[in-house]
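Working notes, structure below.
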Amino acid sequence: MSTDPFKLNSIKSWSVDDRPREKMLAKGRQSLTDSELLAIILGSGSRGESAVDLSKRILNDHQNNLNQLGKISIKDLVKNYKGVGEAKAINIVAALELGRRRQETDPIERALISSSKDAFLILHPLLADLPYEEFWIVLCNRASKVIHKQSVGRGGVHSVVADVRIIMKCALDHFAASIILCHNHPSGNLKPSQEDIKLTSKVKEAARLFEMIVSDHIIIGDNGYYSFADEGIL
């Protein structure tokens, strides 16, 4: 067995569950300490000192306060900490600057969908002028605010095929609470086809398995729209 102190202190020698990158993937970013997050930014430590131990030392020198650490210069990081070269110092300063800017940035105000008209106004610009049919989904959180919208199918002049599995994967990936289905009819005829009704039913059943709901299916034409929810056929 090697007695090289560098290898013994290397993060690679740790249990997988204790390694910062693997821990983030398995348990989420909130599970990591400040020193573990800083270690990911550093990427590596120095001989005899792991990236986590180096990070703890840097933080300890700044009262374990990120605001204090944010005042350090690239030059001082390189000068005061063995294992921190210019590239690593730049990474640290850049990450702290991003954090500072985030605090100054207003959160995005998400669109609220409280009616079929709200959904129509969001989707109409995307679909109204297309000469072929496209299928879109709008994903909402529990407050009925839009968290994502995406095209999931493109067809011809008279029909479009949408895969239930693709719709549900997208909804699961974005942790949606509700799904709004939407497609256009270039002909201007707003009446839903039997295929439209059948697909809506399939997505509705699939969503129920994951405690999601299909809140509407909107068909968009030249001069208006058809809402499954408004017509009571959802």
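Quick note: the coordinates plus some simple rules give every number you see, no bench work behind them. From a predicted model like this one, the values you see are computed outputs, not experimental measurements. Virtual Cβ from ideal backbone geometry, glycine too; neighbours counted across all protein chains shown.
A few remarks follow.
- From the Kirkwood radius over Cα pairs of the stretch 5-104, Stokes-Einstein at 37 °C and 0.692 mPa s returns a whole-number translational diffusion coefficient of 236 µm²/s.
- Count of lysine pairs in the stretch 20-88 with Cα separation under 22 Å (8 or more residues apart, or interchain): 13
- Cα convex hull of the chain, projected area averaged across orientations, nm²: 18.0
- Angle in degrees between helix 51-60 and the longest Cα principal axis of the chain, rounded to the nearest 10: 80
- When +1 charges are put on Lys and Arg Cβ atoms and -1 charges on Asp and Glu Cβ atoms, the dipole computed for the stretch 77-234 relative to its Cα centre reaches about 860 debye.
- Cα-based reach from LYS202 at 13 Å (exclusive), listing aspartates and glutamates while leaving out same-chain residues under 8 positions away: ASP163
- For the chain, built as a Gaussian network whose Cα springs stay under 10 Å, the top-fluctuating residue of GLN103, GLN150, GLN30: GLN30
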